[in-house]
Structure formats: structure tokens, C-alpha cells
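This report concerns only the one structure given below.
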Amino acid sequence: MQIERAELRIVRLPMVRTFATSSSRKAEQAHVLVRLSAEGLVGWGECASPSDPYYCEETTETCWHILKDFLLPMVVGSRLESIEELTARYRKLKRNNFARAGLEMACWDLLARAAGRPLHALLGGTRAEIRSGVSLGIESRIDDLFALIDQYRAEGYHRIKLKIAPGNDIAVIARVRERYPDLPLMADANSAYTLADAPLLRELDQFGLMMIEQPLAHDDIIDHAALQAQLATPICLDESILSVDDARKALQLGSGRIINIKVSRVGGLLEAKRIHDYCHARGVPVWCGGMHEFGIGRAANLAISSLPGYSLPGDVSGSDKYYDQDIVTPPIRATAGTIPLPEGPGLGFAIDEERLARATERTFTLAR
Ligand code: OSB
Ligand code: MG
């Protein structure tokens, strides 16, 4: 299809509750949205990058820069027939995966709409609904954490993930486990520990966690292998895995036993599918991680989660977990912790144009 026009916008939404991890603290999110127009069709994508470089090196502004100055000029005013063709055009670009993912998502949406098919069908999804969990930030009062766990259990979510950090780890997990002996529970450290903390991390083995996510450095797979050899709890890698090659090397080394696949972190849905396929063929469980996506990125997460190897509940909660008013309509809703796949073409949700206009704080257009 002939890509005639691209629009970028920075959209800011307040979060329903401040979310703290070992590396950052957020009360709002500002994401770059990508809107492509081609032959009477429109495709949407989202760069769910945090505004600061504390999860990975990208920020909202680096996504804006890379899209505006490098990625959009590679596609606007030319024909595009496949995602492989798109990724080939930016082969020389290093990293900047959140920026790539926003453009790639808009292209998938366009291609799926042109084919008149839902994105999940185009990706090879096999599920009609997906089972989800929730990720809970660090709370300064344990009673607030208990109240959140009670709320999301009552809503039927299938597992709870707790953020941990040095000084906010064993004691918190112990209190939660004591109060909820059978809760499917896991912990995410967002790379806050080092191998010297192995004795402390080994204490987590007594709590029957489903997994511990990214305990060590964001760019490490060597120390993770040494740590996994000392832990009964499976390690799940998040920050360390940016591509299917990373996944292959980590699994070969024994750096972990589970992979959290984030569409944005790996640069898009095609790479997410490749990691899924690699893991699925080897019996390695994967699940879909999140980056506080608005409805567009959330819809993409939903679509990729329908692939058969996404066997564990992910962080693809309903829109209301983070936002009072999402920019898609209807908002994405979970019932009993389960979200149905949409039946419409493409991402399968419509944009709430009025809401979007109110939340937009910058725009850029390239047309030719
Ligand atoms: O490590 O998975 C993470 C949010 C922002 C940055 C990193 C992470 C997270 C989450 C929340 O855990 C995932 C979500 O519900 O979108
Ligand atoms: Mg994580």
C-alpha cells in the first residue's frame, strides 16, 4: 500500500494511582502515538516508552526524535506490502526498539485493516480470550498493598506481580504470602540487585513464587545464569531480552526459564512473534509484559497474547487498571481477569477522537 501521510503526537494521561518500581515512580504517562494513512485506511501505533531513561535508555523524546528524523522518512511517500519489508528498511538503525515498535504497530494495523482481518488472526493467534494478571507497584504502607491485592483478586485477575527493591523485598513478600497462602504470586526487581545479593534472593525460594523477574542488571545474561543455578525459583527475563537472538543466548546459557515478551522492548510484534515461536518450539513459557500502555498498545498486547505459547497470565490488564479514560472506545475491559479478543479488523478498537484531542500536547505531520 502507498503510505501517504504520517502523524506523530505526544499524548499524556494521568494514572489512577502512582506506580513505583525499583527504578522509577510515575503518576502519568506521555506516549508517542503514530497514525499512518494509506489508500483511505488509517493505522495506529504506540511507543509506550517511559519519559525517563530508567527502565531502558529510551525516553518519550528519543522516540519522537527517532521517528520524526529517521523512521518516518523511510516509509512516507513509498509503498509497503509487508512487515518484513518495513524492518528491512531500518536494518541499519541500532536499538531504539520502543520507537520502532510504534511505527511497526501502525503498519500491522494498516495491513490487517487492508486484509479486513483482526490483527490477532494475522499474527497466528489461537485464543478467543486471554487470561491476565496485574502488576502492583511498591507501596509505602503494607495495608495499601493488601487492599490492592484484595481488589484485583476480587476482579478475578489470575496472578499478582509485586515490585521489589532492596529494602522492600523479603519482608513484604513474607507478609503477602502469609496472608494469601495460595495466591499465584511473583516478584519483579527491575534489575535492582547484583550477584552479591544471591543469599538474599535465595530466601525467596521459601515463598513458592511462580518466578522472579529480572533480578540482575538490565544488560546481563551471564550473572543471571550463575544466579539461576543457585535458585529454585525460576528467573524470568524482561530488560535483558531485546531480540530472538538474545532469547536464544539466554536460554542456552541457562540465564532464566521464562521470558516476559514486551512488544515495545523487542521492537515490535514481528520480533515478539519470533521470540514466541523460538520459545514455544522448546517448551519455554512466555507471557506478555506491559509498559502502562494506552488502548492502542494494549490492543497490540492483547493480539500477541493470543498466540499459543503465551501460556502464563501476562500484565495485560483492563484499561481501568491505569486510566480513568482511555483513548480507545470501548475501553479494554477484563471480566473475571479475562479479556476477549476483539472481532473487528486491525487492532480492533476505535479511537475516541475527542478524548485524544484533549490529551494531545504536540503533533508533527509528514506527508508526501
Ligand atoms: O518491569 O514489567 C515491568 C511498568 C513499567 C516499566 C516496567 C514494568 C512495568 C510493569 C507494569 O510491571 C506493566 C503493566 O501493567 O503495563
Ligand atoms: Mg519487568
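The values are calculated or read from the model by the stated rules, or taken from the named source; none is laboratory data. Since this is a predicted model, take the numbers as computed values, not measurements. As a convention, Cβ positions derive from the backbone with ideal geometry for all residues, glycine included, and neighbour counts pool all protein chains shown. Side chains are part of the model used for accessible areas, which takes the heavy atoms of the whole protein and leaves out ligands, DNA and RNA. Shrake-Rupley method; radii C 1.70, N 1.55, O 1.52, S 1.80 Å.
Does region 240-250 contain any residue that is in contact with a helix residue (DSSP H, G or I) (Cβ under 8 Å, 6 or more places away or on another chain), open to solvent by 10 Å² or more (accessible area, probe 1.4 Å), within 15 Å of ligand 2 (Cβ to nearest atom) and touching a residue at least 40 places away in the same chain (Cβ under 8 Å)? Within region 240-250 (the criterion being in contact with a helix residue (DSSP H, G or I) (Cβ under 8 Å, 6 or more places away or on another chain), open to solvent by 10 Å² or more (accessible area, probe 1.4 Å), within 15 Å of ligand 2 (Cβ to nearest atom) and touching a residue at least 40 places away in the same chain (Cβ under 8 Å)), the answer is yes, since at least one residue qualifies. The sole residue among Tyr278, Tyr310 that is over 26 Å from Ile149 (Cα atoms) and either in contact with a Gly (Cβ under 7 Å, 6 or more places away or on another chain) or not assigned by TED's automatic domain parsing to the domain that holds Gly102 (or both) is Tyr278. Take Leu216 and tell me if it is within 16 Å of ligand 1 (Cβ to nearest atom), of a type outside the set (Val, Ile, Thr) and in contact with an Asp or Glu (Cβ under 8 Å, 6 or more places away or on another chain). The answer is yes for Leu216.
Where helices (runs of 4 or more DSSP H) sit wholly within region 88-165, those with at least 1 residues that are assigned by TED's automatic domain parsing to the domain that holds Trp287, under 16 Å from Pro184 (Cβ atoms) and open to solvent by less than 20 Å² (accessible area, probe 1.4 Å) occupy 142-154.
For Ala198, state whether it is away from ligand 2 (no atom under 16 Å from the Cβ), at pLDDT 95 or above and touching a Phe, Trp or Tyr at 6+ places or on another chain (Cβ under 9 Å). No: the conditions fail for Ala198.
Counting only helices (runs of 4 or more DSSP H) that fall entirely inside region 181-273 and contain at least 1 residues that are within 30 Å of Cys63 (Cα to Cα), the qualifying elements are 222-228, 244-253.
One line per residue, one yes/no per condition, for (1) more than 22 Å from Ile142 (Cβ to Cβ); (2) in contact with a strand residue (DSSP E or B) (Cβ under 9 Å, 6 or more places away or on another chain); (3) at pLDDT below 95:
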| residue | (1), (2), (3) |
| --- | --- |
| Arg159 | no, yes, no |
| Lys163 | no, yes, no |
| Val172 | no, yes, no |
| Leu183 | no, yes, no |
| Leu231 | yes, yes, no |
| Leu242 | yes, no, no |
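Applying a threshold of 6 Å to beta carbon distances and a minimum spacing of six or more residues, or different chains, the list of pairs starting in region 203-217 at a residue that is in the same structural domain as Asp188 (by TED's automatic domain parsing) and ending at one that is open to solvent by 20 Å² or more (accessible area, probe 1.4 Å) and within 15 Å of ligand 1 (Cβ to nearest atom) reads Gln214/Ser191; Ala217/Ser191.
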